[in-house]
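Heads up: the structure comes next, in structure tokens.
Please treat every number below as a calculation from the coordinates, not as lab data. Here the structure is a predicted model, which is why all the values come from computation and not from measurement. As a convention, Cβ positions derive from the backbone with ideal geometry for all residues, glycine included, and neighbour counts pool all protein chains shown.
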Amino acid sequence: HGLHDIHGPGSANPGQLKKAEKELCSGCHAARPTLMASAPKGLIYDTPALVDDALAAQAKGFSGSKIKIGRPHVSEDVARLSAVRKAVGDGFEIMTDCNQGFLVDEAIRRAERLRDLDLAWIEEPLPADDLDGHIRLSRST
């Protein structure tokens, strides 16, 4: 986690983060860090709400936002994320969070189905203590 977890798109403006940005990145090699909105919408939100949230973050100057995934069928997650990707374009990062919701076979299957969406990351796909599963997932994706 980093600067993107300080505030979500509903409460933050990138301009408000200048001081934190300077303090956290005083040793960074990049001229300016990338700011991501991190107030992920839960699984109960419909696709239009996810699209609106991502567009709002983009309009505020964020370069990405995070979305919860883990609907009962992977096609639902693909449809939701595809709608967001179509709305925000390729230059906007989409991060996802699974809240440790999958076993390794399902995580591998879903990662493959999500590959074409060019996600920045898939956070916590497996239970944190499943070390063998994380190794297998890493080698498979």
³J(HN,Hα) computed for each position of region 67-81 - Karplus, 6.51 cos²θ - 1.76 cosθ + 1.60, integer Hz, glycine/proline x
10, 6, 10, x, 4, x, 10, 4, 4, 5, 5, 4, 4, 5, 5
Sort 71-79, 88-96 by the packing proxy (mean of other Cβ within 10 Å over each peptide's residues), most packed first.
88-96, 71-79
In nm, to one decimal, how far is the modelled label at residue 117 from the one at residue 135, with both set 7 Å along Cα→Cβ?
3.0
